[in-house]
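Participant: Pasting in a structure now, in structure tokens, and then I'll have a few things to ask.
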Amino acid sequence: MGGSLRVAVLGAPGVGKTAIIRQFLFGDYPERHQPTGAPRLYRPAVLLDGAVYDLSIRDGDGAEPARGPGGPEEWPDPKDWSLQDTDAFVLVYDICSPDSFDYVKALRQRIAEARPAGAPEAPILVVGNKRDRQRLRFGPRRALAALVRRGWRCGYLECSAKYNWHVLRLFRELLRCALVRARPAHPALRLQGALHPAHCSLM
């Protein structure tokens with residue numbers, strides 16, 4: 001075995017989190033949207049350059065803020081939705097929905113606040129989904145990418161879960177980011193140089 005990596009795929013309802021995961025794991029796309037209820041956990045084995053790695057992919061964050069009667073939004077305790085023991089994050093928004101981008105912005109802040117003092121920084125990849133609806137996007141890609149990369153210091157990528165465009169690249173990019181920021185003892189360090197598409201497949 002090569003190692004393991006715990007990944008959380010987070011975002012506002014309806015942005016395509018489950019669709020992205022299902023395309024990556026099963027190569028299919030649900031035509032009708034069904035809201036994800038309780039968080040789901042997928043445990044695929046990935047073959048990378050001859051070594052097998054276990055991924056733990058959490059779908060459905062359980063992190064949506066609740067608004068009290070006449071009061072401000074309150075986010076749940078980070079311990080309740082596993083922010084502190086996650087190795088890498090995928091924050092998904094809909095390129096046609098500015099509200100979903102604001103949601104990702106708030107999630108990123110919560111992740112930063114929840115990280116224990118002295119803990120290694122977990123890589124964050126911000127993903128703009130629904131690229132197949134490019135003409136309806138709310139803002140230019142280059143401006144959003146620059147904000148995320150330079151201002152937030154996170155990775156940025158756009159994809160289309162519907163047409164399986166850049167979905168595999170998304171997970172390769174996430175692993176690449178994890179390698180760059182991983183602590184020296186992390187087994188994923190042995191993945192360096194193994195992220196070429198021809199060397200990456202599910203088992």
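Participant: If a residue must be free of Cβ contacts under 8 Å to residues at least 40 places away in the same chain and under 15 Å from the mean Cα position of the chain (by Cα), how many such residues does the range 125-148 contain?
Facilitator: Selection size over the range 125-148: 3.
Participant: Which one is most open to solvent (accessible area, probe 1.4 Å) among residues in the range 34-49 that are part of a strand (DSSP E or B) and either modelled with pLDDT of 75 or more or among the polar types (S, T, N, Q) (or both)?
Facilitator: Only one residue fits best here, namely ARG40.
Participant: Could you check the range 121-160 and list, in sequence order, the residues that are open to solvent by less than 50 Å² (accessible area, probe 1.4 Å), outside any loop (DSSP other than H, G, I, E, B), out of contact with any His (no Cβ under 9 Å at 6 or more places or on another chain) and hydrophobic (A, V, I, L, M, F, W, C)?
Facilitator: Residues satisfying the conditions are ILE124, LEU125, VAL126, LEU144, ALA145, ALA146, VAL148.
Participant: Hey, can you tell me all the residues within the range 17-33 that are open to solvent by 80 Å² or more (accessible area, probe 1.4 Å) and not in a helix (DSSP H, G or I)?
Facilitator: GLU31, ARG32, HIS33
Participant: I'd like to verify a number: residues in the range 91-105 that are more than 18 Å from GLU173 (Cβ to Cβ) and surrounded by 14 or more Cβ atoms within 10 Å (Cβ to Cβ), how many?
Facilitator: 7
The values are calculated or read from the model by the stated rules, or taken from the named source; none is laboratory data. Keep in mind that what you see is a predicted model, and the values were worked out from it rather than measured. Please note: Cβ atoms are built from the backbone with ideal geometry, for glycine as well, and neighbour counts cover all protein chains shown. Surface areas here come from the heavy atoms of the whole protein model, side chains and all, with no ligands, DNA or RNA. Shrake-Rupley method; radii C 1.70, N 1.55, O 1.52, S 1.80 Å.
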